[in-house]
Amino acid sequence: MPLFTKENTAPERSLPRHIAAIMDGNGRWAVKRGLPRKAGHAAGAEALRKVLYHCRDIGVRYLTVYAFSTENWKRSEEEVGALMVLLKRYLEEAIDSMERERIKLFVMGDLSRLSPELQALSNRALEKSRTVEGMQLNVCFNYGGRDEIVRAARKYARDYAAGKAGELDEALFSAYLDSAAIPDPELIIRTGGEQRTSNFLLWQSAYAEYYFTDTLWPDVTPAEIDRAIDAFNHRERRYGGAK
Ligand code: IPE
Ligand code: IPE
Ligand code: MG
């Protein structure tokens with residue numbers, strides 16, 4: 001029985017409004033089974049579906065997942081190709097089902113390096129999301145935290161030079177990031193045993209709580225998400241202050 005359901009979410013526990021996840025361990029999951037790495041990514045996409053619906057059902061407003069980093073182009077053509085196909089299927093399905101499932105979908109990252117077809121699908125998902133009421137899934141694809149910051153800095157510099165932007169402060173800079181209008185994640189989960197950010201949400205994670213688990217992403221269940229939320233509820237968040 002999952003710890004958090006619509007019915008039993010204890011009011012004294014705080015539910016993160018925004019959860020982010022570094023979905024790591026797909027390759028190892030597949031290799032352990034003697035399968036090609038791409039089978040791990042397919043299983044990972046299934047796990048994401050379950051996690052997403054669970055987050056929606058317990059009232060999480062934003063789920064941001066790391067699906068393909070700016071560094072993941074280093075992988076074989078076959079693996080990169082398989083990840084592109086999975087994104088395409090995911091987008092097509094989401095466009096079809098977002099109204100029914102009440103889930104908006106936004107792709108974060110440098111889309112300019114994706115195929116015209118994937119760019120068009122991402123834009124369609126964004127357009128259709130405007131008409132949907134519900135939680136928001138952000139899929140980070142060809143995403144890197146440093147790349148996002150550099151792209152934002154370029155956009156700001158252009159606007160400033162054109163007299164369209166004032167002096168820079170944190171709030172203004174945030175508005176130039178892919179995550180503009182999305183609150184910072186309170187909780188970042190990394191599966192697969194590694195304890196590093198791998199260039200994920202560098203700006204937005206300033207005061208996020210991290211939760212690391214050895215569970216490989218395709219094995220993640222709603223119960224694991226509940227454990228992460230439970231751990232989050234035992235953290236003391238001080239934001240630089242003193243007790
Ligand atoms: C995460 O799983 C998904 C992507 C990076 C696309 P990995 O493919 O990195 O899985 P491991 O870390 O090799 O097991
Ligand atoms: C991070 O995982 C990127 C994604 C989950 C998409 P990686 O497997 O690429 O990260 P490293 O290589 O272990 O740092
Ligand atoms: Mg990995």
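The values are calculated or read from the model by the stated rules, or taken from the named source; none is laboratory data. What you are looking at is a predicted structure, and each value in this text was computed from that prediction instead of being measured. All Cβ positions, glycine included, derive from the backbone under ideal geometry; neighbour counts span all protein chains shown. These accessible areas exclude ligands, DNA and RNA; they are computed on the full protein's heavy atoms, side chains included. Shrake-Rupley method; radii C 1.70, N 1.55, O 1.52, S 1.80 Å.
A few remarks follow.
- None of Ala153, Ala157, Ala120 is in contact (Cβ under 8 Å) with a residue 12 or more places away in the chain, assigned to a helix (DSSP H, G or I) and open to solvent by 20 Å² or more (accessible area, probe 1.4 Å) except Ala153.
- Flag if Asp226 is away from ligand 3 (no atom under 16 Å from the Cβ), of a type outside the set (A, V, I, L, M) and surrounded by 17 or more Cβ atoms within 10 Å (Cβ to Cβ): yes
- Only one entry of Leu168, Leu216, Leu172 meets the criterion of being of a type in the set (A, V, I, L, M) and under 16 Å from Tyr66 (Cβ atoms), and that entry is Leu216.
- Among the conditions (1) touching a residue at least 12 places away in the same chain (Cβ under 8 Å); (2) surrounded by fewer than 22 Cβ atoms within 10 Å (Cβ to Cβ); (3) more than 16 Å from ligand 2 (Cβ to nearest atom), the only one that Arg33 does not satisfy is (1).
- Any hit, segment 48-70, residues being within 12 Å of ligand 2 (Cβ to nearest atom), open to solvent by 50 Å² or more (accessible area, probe 1.4 Å) and either more than 24 Å from Ile229 (Cα to Cα) or of a type in the set (Val, Ile, Thr) (or both): no
- Pairs linking a residue in segment 76-89 that is part of a helix (DSSP H, G or I) to a residue that is of a type in the set (Asp, Glu), with Cβ atoms under 8 Å and 6 or more positions apart or on different chains, are Lys88/Glu117.
- If you go through segment 199-218 and pick out every residue that is acidic (Asp, Glu) and in contact with a Gly (Cβ under 8 Å, 6 or more places away or on another chain), you end up with 1.
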